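Values in this text are rule-based calculations from the coordinates and carry no lab data. In this text the structure is predicted, and so the values were computed from the model without any measurement. Positions of Cβ are backbone-derived with ideal geometry, glycine not excepted, and every protein chain shown enters the neighbour counts.
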Amino acid sequence: MPATDETDPVAIRKRDLRQQIRAALREIPSEARHERSNRILDFLASLEEYRDARTVLCFAGLALEPNLLGLFRLPSKRPRLVFPRVNGDALDLYEVSSPEALAKGAFGVREPMPEACERVRPEEIDLCLVPGAAFDPVTGARLGKGGGYYDRFLPFIRKEVGRIHVLGICYTDQLVKELPTQAHDIPVDAILSEDGIVRTESH
């Protein structure tokens, strides 16, 4: 019988690490989080992968996560911004033209309102910006929040699109070397924090 989360040492380590990271993020003052988020946006806007993209999968972070909604304030030549909406075990994608088209949904995350947004096919995505509890800056390993949504979605979109650039977005407090992983964990190609971008071994 496979080990359960209660007995699997890797799963226990991942759970404990999520709690440690969350505690560290709570120590960051809100003004500092705002400043760090803006620095992430500045770096993102300068990246070739972002400037060349036509359609970018984004996310609306929770309070302790980087806030990417400032992307809506960038010049009009910015890419189309697409946000995920939880649908059972999967993620549906919608183009979002303004933050007002987002509303609190699954797990308290702001999601597109289907009646105000246009559905987007996965194969239209050029660049994926993904959240995470922690990232390994060497290997690109990603520690999710436990739901497995991106670990299911990323292999699917890579199959649909072929090679697609996946960029993890986080604060430096979320960079952890030798991150514990399991077989289903999907790495990212690069990681962007307020200190800039790190290209990983998976790139």
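Looking across the range 42-87, the residues that are in a loop (DSSP other than H, G, I, E, B) and either touching a His at 6+ places or on another chain (Cβ under 9 Å) or over 25 Å from residue 22 (Cβ atoms) (or both) come down to 47, 53, 54, 67, 74, 75, 76, 77, 78, 79.
Taken as a whole, the condition of being farther than 21 Å from residue 144 by Cβ and either under 19 Å from the mean Cα position of the chain (by Cα) or of a type outside the set (Asp, Glu) (or both) applies to residue 72. Within the range 103-132, being in a loop (DSSP other than H, G, I, E, B) and either surrounded by fewer than 13 Cβ atoms within 10 Å (Cβ to Cβ) or in contact (Cβ under 8 Å) with a residue 40 or more places away in the chain (or both) holds for 109, 120, 121, 125, 126, 131, 132. Taken across the range 76-92, residues that are touching a residue at least 60 places away in the same chain (Cβ under 8 Å) and surrounded by fewer than 14 Cβ atoms within 10 Å (Cβ to Cβ) do occur, with at least one present.
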